[in-house]
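The values are calculated or read from the model by the stated rules, or taken from the named source; none is laboratory data. Note that the structure is predicted; figures quoted are calculated from it, not measured. Glycine gets a Cβ as well: all are built from the backbone with ideal geometry, and neighbour counts include every protein chain shown.
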């Protein structure tokens, strides 16, 4: 195996006991779509992956579970009975392939009466590399043992019961023996793969509530039916604070389309003194200043302004994809200054502040930017006037054509980008779309995943959108 070209990636998701799933193993390829009837567990499978990813990013267990599932009890399999001590929980895990070979991570989480990780097991290279167990219920720790293969076969020490032990190993293992180095390589591989994930759920009703590309509005009722009705709270009202102060200014690393972030990853940080955006689309001033796309895509105009300037080739691919998905002619897609006091509706408002054709330079009295489609002889159309399916298509296509440094996620700075690949998680990937739009989006995803720098795990209602597309794996749940 050529370890110089193998990028860490989650290749198997295990749902041993999680919500509606019991003993389920899902093999994951570079493009995997989950299909099934309502209630078959498509969304919960993505939730399990996201919990693992958050834990791999260093988040405490309560936040990882609470942000994803709402409550720990919601993750417990239906019908699970408590033991004599009133304890119930769930079990999830994954396998990560990479330079260290296949590495497996499995977690046992106690959800009631209190939330804690009661067991963790990391295996790879034919060895058990880490095990943890709850030995004293009165202490907020677990007893951990990791592979040493030195003067003593294992090293034992307590670890907190609300953190992923694997993510803490690089701080605890010296790396002096061959066994310790194996542990470090396996732990790094798992953490890199789990951290390199971006959850994308474009909310049309929230995107339409954005006037400047920077802050979300109250949204509109009824977007995408029942799914859209609940979206405004997540996009506009459930904002999360970013981590750390970060640093602003300074040029980013130059790179080409072959990098993890593609050509759009080679950019300058556009904020000066703004905080670094945390994982999972956290709403920070730094993310807003840098033009990093959030999970709900409510700041799409600001991001589009940035990406259209940084890579004309990728922007042309985006325009071509949008042309196939949208009704009516599409000759271009760009961000234009938005005038203070504008109505926020109609092409005239956008055209009145656009300046010269193709220009996005700030105009007098302009406040923020808005995204518009160039319809040729029909004039310009603000993207917020597009249908829900067209808006979701535009946002998801933009995500697939970018990379970690354009998205509001926490890139793995310790590992060269050439050794990473991002996983996009898109629940309801075909939501609000007609079959033609959904198939065009899957085709675009296939072209991008073929490059090897991005993977996609999504759910679809209609699996036929992937028929005849080689390289797309469709897993039917609930069968």
_Being touching a strand residue (DSSP E or B) at 6+ places or on another chain (Cβ under 7 Å) and either under 16 Å from residue 64 (Cβ atoms) or surrounded by 23 or more Cβ atoms within 10 Å (Cβ to Cβ) (or both) is the requirement here; does residue 15 meet it?_
yes
*Restricting the search to region 448-470, which residues are more than 13 Å from residue 424 (Cβ to Cβ) and touching a strand residue (DSSP E or B) at 6+ places or on another chain (Cβ under 6 Å)?*
460, 463, 466
*Return only the number of the condition from (1) in a loop (DSSP other than H, G, I, E, B); (2) on the phi < 0 side of the Ramachandran plot; (3) surrounded by fewer than 18 Cβ atoms within 10 Å (Cβ to Cβ) that residue 43 does not satisfy.*
(1)
*asked:* Could you check region 146-178 and list, in sequence order, the residues that are in contact (Cβ under 8 Å) with a residue 12 or more places away in the chain, surrounded by fewer than 20 Cβ atoms within 10 Å (Cβ to Cβ) and in a helix (DSSP H, G or I)?
replied: 167, 170, 172, 178
_Filtered residues of region 318-348 (kept if within 27 Å of residue 437 (Cβ to Cβ) and at pLDDT below 50)_ = 344, 345, 346, 347
*Flag if residue 118 is touching a strand residue (DSSP E or B) at 6+ places or on another chain (Cβ under 7 Å) and within 26 Å of residue 427 (Cβ to Cβ)*: no
*Does region 435-452 include one or more residues that are touching a helix residue (DSSP H, G or I) at 6+ places or on another chain (Cβ under 8 Å), modelled with pLDDT of 90 or more and not in a helix (DSSP H, G or I)?*
no
_Search result, residues across region 364-395 that are at negative phi, in contact with a strand residue (DSSP E or B) (Cβ under 6 Å, 6 or more places away or on another chain) and not in a strand (DSSP E or B)_ = 375, 383
